[in-house]
Amino acid sequence: MKRLLLSLALLAACALSAHAQLRLGLTAERSSYLLYEPVPLHLTLQNDAGFDLVFQDAGEHPWLSFLVTRADRSVVSADRHIPGRELKLPEGGSVSLDVDLTPLYAMRETGSYKVRAVVDVGGREYLSAPIEVTLSAGRRIWSETRTVDGSPRIFSLLRFAPTMQGTFLYLRAEEPAQNLVYSTARLGEIVDLGKPQTAFDAEGRLHVLFLTGNAVYRYVRAGQDGAPLSQKLYDSLPENPPRLQAAADGSVLVAGGRLQTEGTRRERLSEVQGRVKSAQPTFEPLSPSLTPSAPRGGPQSPLPDSAN
C-alpha cells in the first residue's frame with residue numbers, strides 16, 4: 001500500500017510540471033455507461049517541451065496507459081496493454097487519440113471510477129486530470145440461453161438511460177461460467193410501450209424488433225457473438241404493425257408494416273425541434289468569457305442501414 005501511495009505521489013508530482021512540457025487533455029462522451037459497453041475516451045497531447053517528442057513502448061512497458069481507481073481508491077488492474085505504436089510529436093504540435101477503455105481494464109463492477117491517462121516520455125510519466133465515469137447494471141427485460149460451440153451462451157436485452165434524453169435498448173452476449181462477455185451493443189432508443197420481439201433463425205442469429213418512435217419500429221439482426229449485423233426501420237400501418245415471422249426454411253423475416261426508405265422516412269422529433277430552434281433569433285452573449293464551449297460527443301448514432 002505504501003508503495004502504491006508513493007507511486008501515486010510521484011505521478012502527481014510529474015503532473016504538476018506537465019503543463020510546461022506536455023499537456024494532456026482527457027474527455028469522455030458522457031459520464032454514465034452500461035456495464036461492459038464500450039467506454040470511448042478522447043486523449044489530446046500538446047507538446048510544449050520546445051523540441052520534438054517521441055513516444056514509444058519500452059519493452060513490456062507501454063508509453064500510454066491509464067490509472068483507473070474505484071470509489072474506495074483501489075486500483076483496477078489492466079487486462080491487456082494498449083497495442084504499441086510509436087508516435088512522434090513535433091515541437092508545438094498536438095495530436096488526438098481515441099481509446100476504448102472497456103477491453104483494457106477489469107471494470108467488472110457497477111459504481112463510480114476515476115480515470116487518468118498516463119503518458120511515459122523517456123522514462124518520465126505525466127498524468128492527465130481525472131475524469132469520472134459511472135457504470136450501471138441497467139434493467140434486464142429479456143434473456144435466453146443457447147448452446148453455441150458446445151457451451152451455454154446467454155443473450156440478454158437490457159434497458160438503460162445513459163442521459164436524461166432517452167432510454168436505449170442494449171444486447172449482451174456472454175458466458176458467465178467462463179467469465180466471458182462477447183459484446184454489449186447499443187441497438188437504439190426504445191419507447192416504453194410493450195416488449196421487444198425476439199427470434200433466432202436456423203443459423204443461430206438473433207432478430208430483434210422493437211418500438212423506437214411514434215409508430216416506428218427498429219429491426220436489428222445480430223450474430224452469435226451479439227454484435228449487430230444490420231438494422232432497418234419500419235413504419236407501423238393501421239391494423240398491420242411489423243412483427244417477426246419464422247419462414248419454412250428456418251429464416252426470420254419482418255411481416256407487416258412498411259420498410260422505411262429515403263422517400264418514406266418520417267421526420268424525427270429532434271429534427272423538427274432543430275428546425276424550430278434554427279428559425280428562432282439568436283443573441284450575442286454579454287461577455288465572450290462567459291460563453292460555454294460546445295460539449296463533445298453525445299449519444300451514439302444508430303447503426304448504419306444495411307441489407308440482410
Original post:
Does residue 65 count as among the polar types (S, T, N, Q) and either at pLDDT 95 or above or part of a strand (DSSP E or B) (or both)?
Top reply: yes
**OP:** Could you run through the stretch 170-180 and say how many residues are modelled with pLDDT of 95 or more and farther than 16 Å from residue 229 by Cα?
**Re:** 2
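Within the stretch 92-102, does at least one residue satisfy the condition of being small (Gly, Ala, Ser), more than 15 Å from residue 42 (Cβ to Cβ) and either touching a residue at least 12 places away in the same chain (Cβ under 8 Å) or not in a loop (DSSP other than H, G, I, E, B) (or both)?
Step one: list which residues in the stretch 92-102 are small (Gly, Ala, Ser), which gives 92-94, 96.
Then keep just the ones that are more than 15 Å from residue 42 (Cβ to Cβ); that gives 92-93.
If we keep only those that are either touching a residue at least 12 places away in the same chain (Cβ under 8 Å) or not in a loop (DSSP other than H, G, I, E, B) (or both) too, we end up with 92-93.
Looking for residues that are small (Gly, Ala, Ser), more than 15 Å from residue 42 (Cβ to Cβ) and either touching a residue at least 12 places away in the same chain (Cβ under 8 Å) or not in a loop (DSSP other than H, G, I, E, B) (or both), one finds at least one in the stretch 92-102, hence yes.
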**OP:** Mind listing whichever residues of the stretch 44-79 are in contact (Cβ under 8 Å) with a residue 40 or more places away in the chain, closer than 13 Å to residue 118 by Cα, out of contact with any strand residue (DSSP E or B) (no Cβ under 6 Å at 6 or more places or on another chain) and open to solvent by 20 Å² or more (accessible area, probe 1.4 Å)?
**Re:** 61
**OP:** Being free of Cβ contacts under 8 Å to residues at least 24 places away in the same chain, open to solvent by 30 Å² or more (accessible area, probe 1.4 Å), of a type outside the set (A, V, I, L, M) and not in a loop (DSSP other than H, G, I, E, B) narrows it down to one of 143, 112, so name that one.
**Re:** 143
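Take residue 212 and decide whether it is polar (S, T, N, Q), touching a strand residue (DSSP E or B) at 6+ places or on another chain (Cβ under 8 Å) and open to solvent by less than 40 Å² (accessible area, probe 1.4 Å). Give the derivation first.
On the way: polar (S, T, N, Q): yes; touching a strand residue (DSSP E or B) at 6+ places or on another chain (Cβ under 8 Å): yes; open to solvent by less than 40 Å² (accessible area, probe 1.4 Å): yes.
Spelling it out, residue 212 is indeed polar (S, T, N, Q), touching a strand residue (DSSP E or B) at 6+ places or on another chain (Cβ under 8 Å) and open to solvent by less than 40 Å² (accessible area, probe 1.4 Å).
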Subject >> Tally, over the stretch 26-66, of residues that are closer than 19 Å to residue 129 by Cβ and either hydroxyl-bearing (Ser, Thr, Tyr) or within 19 Å of the chain's Cα centre (by Cα) (or both) >> reply: 14
**OP:** Hey, can you tell me all the residues within the stretch 25-62 that are modelled with pLDDT of 95 or more, of a type in the set (S, T, N, Q) and part of a loop (DSSP other than H, G, I, E, B)?
**Re:** 31
Original post:
Of all the residues that make up the stretch 157-179, how many are under 11 Å from residue 140 (Cβ atoms) and either open to solvent by 50 Å² or more (accessible area, probe 1.4 Å) or more than 16 Å from the chain's Cα centre (by Cα) (or both)?
Top reply: 1
Subject >> Residues within the stretch 233-274 that are modelled with pLDDT of 70 or more and either surrounded by fewer than 11 Cβ atoms within 10 Å (Cβ to Cβ) or among the aromatic types (Phe, Trp, Tyr) (or both), tallied >> reply: 8
**OP:** Considering (1) open to solvent by 60 Å² or more (accessible area, probe 1.4 Å); (2) touching a residue at least 60 places away in the same chain (Cβ under 8 Å); (3) not aromatic (Phe, Trp, Tyr), say which one residue 128 fails and leave the rest.
**Re:** (1)
**OP:** Report yes if residue 18 is at pLDDT 95 or above and either under 15 Å from residue 130 (Cβ atoms) or open to solvent by less than 30 Å² (accessible area, probe 1.4 Å) (or both), otherwise no.
**Re:** no
Subject >> the stretch 80-109, residues that are open to solvent by less than 70 Å² (accessible area, probe 1.4 Å), among the hydroxyl-bearing types (Ser, Thr, Tyr) and farther than 19 Å from residue 61 by Cα >> reply: 96, 102
**OP:** Assess whether residue 229 counts as being buried (at least 21 other Cβ atoms within 10 Å of the Cβ) and either assigned to a strand (DSSP E or B) or charged (D, E, K, R) (or both).
**Re:** no
Original post:
Can you tell me which residues in the stretch 180-195 are surrounded by fewer than 21 Cβ atoms within 10 Å (Cβ to Cβ), at negative phi, outside any strand (DSSP E or B) and not acidic (Asp, Glu)?
Top reply: 191, 193, 195
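Could you list, in sequence order, the residues of the stretch 122-156 that are hydroxyl-bearing (Ser, Thr, Tyr) and under 18 Å from the mean Cα position of the chain (by Cα)? Reasoning before the result, please.
In the first step, residues of the stretch 122-156 are kept if they are hydroxyl-bearing (Ser, Thr, Tyr); the result is 126, 128, 134, 136, 143, 145, 147, 151, 156.
Correct list: 134, 136, 156.
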Subject >> Of all residues making up the stretch 232-247, the number that are more than 23 Å from residue 185 (Cβ to Cβ) and outside any strand (DSSP E or B) >> reply: 5
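The values are calculated or read from the model by the stated rules, or taken from the named source; none is laboratory data. Given the structure is predicted, the values throughout are model-derived calculations rather than measurements. Note that we place each Cβ from the backbone using ideal geometry, even for glycine, and neighbour counts take in every protein chain shown. Quick note on the areas: whole protein, heavy atoms, side chains included, nothing else; ligands and nucleic acids left out. Shrake-Rupley method; radii C 1.70, N 1.55, O 1.52, S 1.80 Å.
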